[in-house]
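Inspection log for the structure reproduced underneath, given as structure tokens.
What follows is calculated from the coordinates using simple rules that are stated; it is not laboratory data. Owing to the predicted nature of the structure, the values given are computational and were not obtained by experimental measurement. Note that we place each Cβ from the backbone using ideal geometry, even for glycine, and neighbour counts take in every protein chain shown.
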Amino acid sequence: MEFYANVDEVRERVEGYFRVEDVFFDAGVLTFVLEEQDIKDGFKRLYRELKPLKLIPTAGRDHEGRITIKVYPYTGARSFEPRIKSLPLILFAATLGTVGVDGFLRASSPIYRLIMGRVTIWDTIIEGLLFTAALMAIIGIHELGHKISAKIDGVDSSPPYFIPGIPTVLPTFGAVIFQKEPIINRDDMFDAGFSGPITGFIVALGVAVAAYMRAIWFTPEEFMSVVSEIERAGGVALPSPLIFVILRPLFGNPGMIPMFTTLGFAAWLGMLITALNLFPVWQLDGGRIFRSILNARQHRIASYVSIAVLAITGYFFFALLLLILMPRTPDIAPLDQVSPLSRGRKLTFIAVFLMMVVSFVPLWI
């Protein structure tokens, strides 16, 4: 109760934004009952005013369906703080290294020579550098999108933590940003999830265009011959996302089939990262996007359905990892559970589904 020594000040601030019907303590928590009204903007301003007082509001509905605002003591969200302050930079350098090595090895492989023909050491270096720059740009700008969104919403967040991968297998496992404060409303939750995939998708789209411009074009007979040689050398042909098929007519060469340099693989990975991130599982960006419009039970069902789809389409180990992590990840609802998602963001779900459809790459069905 010592946290409410300034209860009159808190009441004054609440009544400055809302029409209050009643005020009382519910199990020791300062509670305000409001008249039916739009609280979205007022609640966000109230949150920012109470934060310096080490108080945090939540908005919901009681058993009678009335809007209630509860004010709790708040000492700040627990966030990931590495012991090594330079860890983000170290991880970035490590990821740059694994991606760079991966690009150089791919560009110097016998399979690459089957596509490109005779190549010089400079060709290899250029292709490796292009691959490195493209993939790091896709992942980096994806995270920059999250960072800008958090900044706009007034939410403090960590720098991106890049995750190095295994060259020739998967050169990077992406990157993560840790949000240091709670999500205020459904709009902010949607923005937090959507900002990364949309910016990453735009960059991946640009890389795909560049990949087409640098592609080697073959007749169908030549293409099948090269594919046969690649398979004999131990290589595999990757299935293309729908966006590659959509882009194909823009580059002419009717009757010809493109084979991509390392930029094509970077674009392929970028599209795959975008698609996988949009699935409505909480650990992914899509978890926040879909949680902004679904309740906890609906979101849990959507998560299990997503995991099943991933397993069926060839991403079994990724689906298993998500399944293992799901029980360890609590449902994190926005502080304002009364205000609905804005109409514009609801319409943006069309873009979310379109991005999933054109960028997803089923490995098998």
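Listing for the model above:
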| quantity | calculated |
| --- | --- |
| Prolate/oblate/rounded call for segment 265-357, Cα gyration tensor, a/c under 1.5 rounded | oblate |
| Computed lengthening from ASP8 to ILE152, 0.36 nm per intervening residue step minus Cα-Cα distance | 48.7 nm |
| Note, ³J(HN,Hα) from phi for segment 256-262, Karplus 6.51, -1.76, 1.60, rounded to Hz, x at Gly and Pro | 9, 10, x, 10, 8, 7, 4 |
| Length-normalised contact order for the chain - Cα pairs under 8 Å, 6+ apart - percent | 17 percent |
| Residues with amide H under 5 Å from that of VAL281, placed H, sequence gap 5 or more | GLY286, GLY287 |
| Degrees, to the nearest 10: 186-213 long Cα axis against longest axis of the chain | 10 degrees |
| P(r) histogram, all alpha-carbon pairs of segment 49-195 included - 5 Å bins from 0, percent | 2, 8, 13, 14, 13, 12, 9, 7, 6, 5, 3, 2, 2, 1, 0, 0 |
| Listed residues MET259, VAL207, VAL20: farthest to the positive end of the dipole of the chain (Cβ charges) | MET259 |
| Förster radius 45 Å - calculated FRET efficiency between ARG83 and VAL209, Cβ distance, rounded to 0.05 | 0.60 |
| Other-chain or far-sequence residues with amide H under 5 Å of SER157's (modelled H) | LYS180 |
| Least to most buried among SER195, SER359 (fewest other Cβ within 10 Å first) | SER195, SER359 |
| Neighbour-count order for LEU247, LEU276, fewest beta carbons within 10 angstrom listed first | LEU247, LEU276 |
| Candidates GLN337, GLN179, GLN37: whichever shows maximal mean-square fluctuation once the chain is modelled as a Gaussian network with Cα springs under 10 Å | GLN37 |
| Percent RCO, i.e. relative contact order, over segment 278-365, from Cα pairs under 8 Å lying at least 6 residues apart | 29 percent |
| Exceeding the 25 Å Cα-Cα cut-off - candidates LYS70/LYS346; LYS51/LYS346; LYS54/LYS346; LYS70/LYS180; LYS54/LYS85 | LYS70/LYS346; LYS51/LYS346; LYS54/LYS346; LYS54/LYS85 |
| Folded to 0 to 90 degrees: helix 296-312 orientation relative to the chain principal axis, Cα | 10 degrees |
| Per-residue ³J(HN,Hα) for segment 26-38, Karplus 6.51 cos²θ - 1.76 cosθ + 1.60, θ = phi - 60°, Hz, x for Gly and Pro | 10, 6, x, 10, 5, 10, 10, 9, 10, 5, 5, 6, 7 |
| Backbone HN-Hα couplings from phi across segment 276-282 [Karplus 6.51/-1.76/1.60, Hz, Gly and Pro as x] | 5, 5, 8, 5, x, 9, 4 |
| Choice from PRO159, PRO327, PRO171 showing the highest fluctuation, given a GNM over the chain with Cα pairs closer than 10 Å | PRO327 |
| Cut-off 16 Å, label 7 Å out along Cα→Cβ of VAL236, residues of segment 169-192 by amide N | 169-171 |
| Per-residue [θ]222 nm for the chain (sum of -39500 (n - 2.57) over DSSP H runs n ≥ 4, rounded to 500) | -17500 deg cm²/dmol |
| Value of relative contact order over segment 229-321, rounded to a whole percent, pairs C-alpha under 8 Å and six or more apart | 14 percent |
| Leading residue at positive end of dipole, the chain (Cβ point charges), from ILE350, ILE198, ILE121 | ILE121 |
| DSSP beta bridges in the chain [antiparallel fraction, %, rounded to 5] | 95 percent |
| Amide H partners (placed H, <5 Å) of TYR74, local residues excluded | LEU55, ILE56 |
| Descending semi-axes in whole angstrom, ellipsoid equivalent of segment 2-73, from the Cα gyration tensor | 18, 14, 10 |
| Cubic angstrom per residue, convex hull over Cα atoms of the chain | 152 Å³ |
| Neighbour-count ranking [beta-carbon atoms within 10 angstrom, fewest first] of TRP268, TRP217 | TRP217, TRP268 |
